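The values are calculated or read from the model by the stated rules, or taken from the named source; none is laboratory data. Because the structure is a prediction, the values reported are computed rather than measured. We place every Cβ from the backbone using ideal geometry, glycine too, and count neighbours over all the protein chains shown. Just so you know, the surface numbers come from the protein's heavy atoms only, side chains and all, with ligands and any DNA or RNA stripped out. Shrake-Rupley method; radii C 1.70, N 1.55, O 1.52, S 1.80 Å.
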Amino acid sequence: MESFETHRAYLFAIAYRMLGSAMDAEDAVQETFLRYQGAAPQPIRSLRAYLTTILTRLCLDQLQLARRKREQYIGPWLPEPIQTASDDPAQRVDMAES
């Protein structure tokens with residue numbers, strides 16, 4: 001009989017590759033365990049596939065949430081600097097070097 005612990009390292013590796021952070025990956029693995037424990041008892045043909053599906057969906061949800069947070073930035077808007085043409089050659093050299 002398979003157990004969750006036999007697949008923990010495998011799940012962590014997937015979550016780490018998807019999320020890029022060990023802390024976030026461990027959180028996703030723990031959440032997968034909680035969801036697995038809270039699921040209705042039913043026959044599971046492949047525990048590894050079942051856990052991978054739960055974990056992958058959790059990681060995708062977390063990545064979507066992070067993307068939405070980045071898009072909803074409320075901080076001050078800073079426009080990009082615009083280069084203005086100058087007739088002074090020394091000023092053009094300074095601008096090109098900066």
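If you roll a 1.4 Å probe over the heavy atoms of the protein chains, what accessible area per residue do you get for the range 4-72, in Å²?
On the way: 4810 Å² over 69 residues.
Accessible area per residue: 70 Å².
Could you go through the range 10-19 in sequence order and give the Karplus-derived ³J(HN,Hα) for each residue, using 6.51 cos²θ - 1.76 cosθ + 1.60 with θ = phi - 60°, rounded to whole Hz, and x for Gly and Pro?
4, 5, 4, 4, 5, 5, 5, 5, 7, 9
Within 14 Å, Cβ to Cβ, of residue 30, how many net charges do the neighbouring residues add up to if Lys/Arg are +1 and Asp/Glu are -1? The partial results should precede the final answer.
Values: positive: 8, 35; negative: 5, 24, 26, 27, 31.
Net charge around residue 30: -3.
Sorting check: for 42-51, 6-15, 56-65, which peptide has the highest mean count of neighbouring beta carbons within 10 Å, and how do the rest follow?
Listed from highest to lowest mean packing, they are 6-15, 56-65, 42-51.
What nm value, rounded to one decimal, do you get for the distance between residue 23 and residue 74 when each label is placed 7 Å out toward the C-beta?
So the label points at residue 23 and residue 74 sit 2.3 nm apart.
Gain in length, residue 67 to residue 39, computed as 0.36 nm per residue apart minus the alpha-carbon separation, to one decimal in nm?
7.2 nm
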